[in-house]
Structures are given as structure tokens and as C-alpha cells.
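Throughout, read-outs are computed from the coordinates displayed, never taken from laboratory work. Keep in mind it's a predicted model, so treat the numbers as computed, not measured. Every residue, glycine among them, receives a Cβ derived from its backbone with ideal geometry; neighbour counts consider all protein chains shown.
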Amino acid sequence: MKIAFLADQLSTFKTYKDSTYAMMAEAASRGHEIHAFEQSDMALEQGKVMANAARIQLTGEADDWYRAEPKAAQPLAAYDVVVLRKDPPFDMEYVYLTYLLEIAERQGARIVNRAGAVRDHNEKLAIAQFSQFTAPTLVTGNMARLRAFHAEHQDIILKPLDGMGGTGVFRVRDDGLNLGAIIETLTHHGSVTVMAQRYIPEIAKGDKRILLIGGEAVPYSLARIPQAGEVRGNLAAGGTGVAQPLSARDQEIAHALAPELFQRGLLLVGLDVIGDYLTEVNVTSPTCFQEIRQQTGFNVAGMFIDALEKRG
């Protein structure tokens, strides 16, 4: 297959932990042709969605890890599959990207994950569709409602709806210290919608990333355990990743969501679960492939390329 990866700059990849790199390496090892481009390489020209993409060869080196041929303009429909791996923030530029990708889909391109499904599943808000698995949650920009939510639950987490890597996440305990300042800052004095959730003490045991691929769950999660004094387990925020088999509750959540999300066009999903509760549904560029393989031997990238090949 000719596989094109729509990602951020290749020069920024840390190959020892990057999941997109793991996908590329697995695909290349099977003889697939690898291409790469960025959002800035795309254009809608005379009705066709095009990209200036480069074919790349992997070197096997940790740092100088690829060789890129000169970029050439190609319609996205010329590839067997385009893998969307652009990181958030999910801003208006990202929304415009999904519009272009939807046009490309109508022109015959196969996009993974499907563009409209990515746009329709805000990674924080999507949990509202599966409220049977969530802790008490409030989504609002109304400062009085947020104060009332804290008064009811005493210990809460507040976070923006468009962040990633744990940015902008705050815990407010029962003393309410800095509650007003945090609410004012996150909501821009009531003009921006945010999410509040009851604090889940099991975060001390890790924020578990459960990967769903092709409607099935990877049998191991990566529990991202916060540093001392932190409430964020995200690896980007300094958390430590520990791979572990899915618990019975993890399996219940994964098996309930996996076929439904796959049917919606989401071939790869990263669920975040703390204790027994679903906290996020990640659909833009889920990670943790390499950490799981390094600790358990399970080839997550292999499972992903298998899923691509089934429809290839």
C-alpha cells in the first residue's frame, strides 16, 4: 500500500517513544510505501484536495531516522490510506483541516480516522455519550454553576475542552483555595466553556490509556502515574507509564465503546480511564504504542497496520 501520514514535523519526533514512528516502522517492515506531509502542505486546487508530500525511507537510526525524497503534489485520493496523526490543539485550523479531508473523502480518499468523526468527538466532551461510565461531570462556562459543583463535590478537577498533555488542568480541594481565580482564568470570566469533574482518588494508581484498534481493545493499558504532588498522569506532564493487563472494568468499558466508535469511523481511539471511570476519548493522535510494546512485548503498531491492511 501507499500510506501517507498527515503529521507534525518529522524532525520533532522522538523515535524511542513516538507512536506515529512505530506505525511507520511497522508499515515499512511489511513493504508498504511511506509518505508524509503536514497541514501546511495541503491545498484545495480546482476542486481537488492536494498535498505536497514526500516519500520517506527509514534509516533505523534513533536521531537521523529518515531520508525524504523531494516533495511532489499528489491528490489525497492517490494514496491507499491517509493516516491523520496531527496533534491538538483542536483549534479552527484543525477544523478547517477536517473540512478539507472530508472533501478528499468524497473524492475517493480513505482517511483514518475519518475526518468528520474526529471533528464530532471532542476528546473531553465525547464522554457525555457514555455517561454510564463517567464520574459526576459538569460542562459549562457559567461561573456560578462551577462554584455550585465544587460546593457539592468538594474536591474537583477543572480543565479546558481543547487542551492536550494535561495542560490547563487544575485540582481544587474542599478548602476552595484559588477556586475563583481558576474559574475566571479557564472560562475567561464566563465566556469560555470548560469541564469540571469530581476528583477521582485512584489517579494515584495511574491515568490508564486503553487503546482501541479496529473495534477491538489492546489487551494492555498504560497506567500513567503522576509525579509526587501532581494530579496529572500525562507522560507530557512528567507521569511514569506502567503497562498492565486490562482490569475487568477496563474490559467492560472498552468492549462497550470499541465497536460503536469503530462503526463511526474511528479506527484508532485512546480511552483514558481513572479507577473505574472513563475521563476522555482521544481520537486525534492517540499514543502509548511503544511503551506498551517495550514493557509487554505486545506489538500495538502491528495490530494497527493489520487493521489498515484489512481494508487495504
Over the alpha-carbon set of the stretch 136-199, work out the extent along each principal axis and list the three values in angstrom, largest first. 25, 23, 21
In nm, to one decimal, how far is the modelled label at Thr134 from the one at Asp8, with both set 7 Å along Cα→Cβ? 2.6
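Taking other Cβ within 10 Å of each residue's Cβ, how do Ile182, Ile210 sort, fewest first? Working shown, then result.
Numbers: Ile182 19, Ile210 27.
Exposure proxy ranking, most exposed first: Ile182, Ile210.
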Taking only DSSP H segments of four or more residues, each worth -39500 (n - 2.57), what value at 222 nm results for the chain once the sum is divided by all its residues, to the nearest 500 deg cm²/dmol? -8500 deg cm²/dmol
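Would you work out the charge dipole size for the stretch 200-310 about its Cα centre, treating the Cβ of every Lys and Arg as +1 and the Cβ of every Asp and Glu as -1, and quote it to the nearest 20 debye?
Numbers: 9 positive and 13 negative charges, 34 e Å.
Dipole magnitude for the stretch 200-310 comes out near 160 debye.
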Taking Phe13, Phe304 and counting other beta carbon atoms within 10 angstrom, the fewest-first order is Phe13, Phe304
Using only alpha carbon pairs under 8 Å that are at least six residues apart, calculate the relative contact order of the chain and give it in whole percent. 18
Could you give the dipole magnitude of the chain about its Cα centre, charging the beta-carbon of Lys and Arg +1 and that of Asp and Glu -1, in debye to the nearest 20? 280
What translational diffusion coefficient, in µm²/s and rounded to a whole number, does the Stokes-Einstein relation yield for the chain at 4 °C and a viscosity of 1.567 mPa s, taking the hydrodynamic radius as the Kirkwood radius over Cα pairs? 64
Considering only C-alpha atoms, what is the centroid distance from the stretch 169-227 to the stretch 95-159, in Å? 13
Full extension between Ser247 and Ala204 adds, at 0.36 nm per residue less the Cα distance, a length in nm of 13.8 nm
Placing +1 on the Cβ of each Lys and Arg and -1 on the Cβ of each Asp and Glu in the chain, which of Pro136, Leu266, Ser221 has its Cα farthest towards the positive end of the resulting dipole? Leu266
Hey, if you put +1 on the Cβ of every Lys and Arg and -1 on every Asp and Glu Cβ in the chain, which of Ile305, Ile56, Met24 ends up farthest toward the positive end of that dipole? Ile305
Net charge dipole size for the stretch 136-199 [Lys, Arg +1 and Asp, Glu -1 on Cβ; Debye, nearest 20]: 80
Students often get this wrong, so check it: of Lys17/Lys159; Lys2/Lys71; Lys14/Lys86; Lys86/Lys124; Lys124/Lys159; Lys17/Lys310, which have C-alpha atoms separated by over 19 Å? Lys17/Lys159; Lys17/Lys310
Using the Cα atoms as the points, what is the convex hull volume per residue of the stretch 2-118 in Å³? 99
